[in-house]
Amino acid sequence: MTKNEKHQLAKKIIRLTNEEVDEEHFIHQLLEESTLYNIYEDDNPSFGRRAADKLARFAGSWAFVISFALFLTGWIMANILLLKPPFDPYPFILLNLLLSCLSALQAPLIMMSQNRQEEKDRKRSEGDYKINLKSEIIIEDMHYKLDAIIARQGEILKYLSDKK
């Protein structure tokens, strides 16, 4: 939902609540607003957002853990057993540098992805609140109508018993 659509919806609801409108008309106006349900997904996420989401998805998977463990094992084995002289001897300073750079780049991208997920969750909870509010209004209206029907039925029964 765009900002303009949100503003239009808010203005419509405010206008309806400020006018002398019966509850049933107000409920039907709320139910007709399908834009309340379209707030969960971002229509055109930027390249950075898509990349952050993909990286966070991969970094939180077993594929990443296993491939990273294999890479580290291969690096260490190559430098200890295979290569003479090793290009990164025992303290593995170059490996530590690579791991530090990876962490420095990966952490902010994962945080961006978590922030996006938090934003989606907030929007979802706002949508759920609005849906619950509409449901509560509808149920309250149904109770009012049922009470009116029961009262009217009592009047009809009283009228019929008086007529006998």
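Bear in mind these aren't lab numbers, they're just calculated from the coordinates by the rules spelled out. Since the structure is predicted, the reported quantities are computational estimates derived from the model, not experimental observations. Every residue, glycine among them, receives a Cβ derived from its backbone with ideal geometry; neighbour counts consider all protein chains shown.
Using Cβ point charges alone (K and R +1, D and E -1), the dipole size of segment 39-163 about the Cα centre works out to roughly 320 debye. Mean shadow of segment 73-138, computed from the convex hull of its alpha carbons, in nm²? Over all viewing directions, segment 73-138 projects a mean Cα-hull area of 6.3 nm². For segment 47-60, backbone phi angles converted through the Karplus equation (6.51, -1.76, 1.60; θ = phi - 60°) give residue-by-residue couplings of 4, x, 5, 4, 5, 5, 5, 5, 5, 5, 5, 6, 5, x Hz, Gly and Pro being listed as x. Computed from phi, the 3J(HN,Hα) profile of segment 80-86 under the Karplus parametrisation 6.51, -1.76, 1.60 (θ = phi - 60°) reads 8, 9, 8, 8, 10, x, x Hz, with x in place of Gly and Pro. Restricting attention to segment 39-163, the count of lysine pairs at 8 or more positions apart or across chains with alpha carbons under 22 Å apart stands at 7. Within 11 Å, Cβ to Cβ, of SER113, how many net charges do the neighbouring residues add up to if Lys/Arg are +1 and Asp/Glu are -1? Every neighbour counted, the sum reads +3.
Pairwise over distinct Cα atoms, reciprocal of the mean inverse distance: report the Kirkwood radius of segment 39-163 in Å, one decimal place. Could you put the intermediate results ahead of the total?
Numbers: mean 1/r = 0.0481 Å⁻¹.
About 20.8 Å for segment 39-163.
Assuming R0 = 30 Å, what is the FRET efficiency of ARG57 and LYS130, from their Cβ-Cβ distance, to the nearest 0.05? The calculated FRET efficiency here is 0.55.
Evaluate the relative contact order of segment 39-163 (contact order divided by residue number), counting alpha-carbon pairs under 8 angstrom at least 6 apart; express in whole percent. Relative contact order, segment 39-163: 34 percent. A simple rule links phi to the HN-Hα coupling: the Karplus curve 6.51 cos²θ - 1.76 cosθ + 1.60 with θ = phi - 60°, which for segment 117-129 gives 5, 4, 5, 4, 5, 5, 5, 4, 5, 5, x, 4, 4 Hz, with x for Gly and Pro. Work from the charge dipole of segment 39-163 (Cβ charges, +1 for Lys and Arg, -1 for Asp and Glu, about the Cα centre) and give the residue of GLY60, SER125, LEU72 farthest towards its positive end. Of GLY60, SER125, LEU72, it is LEU72.
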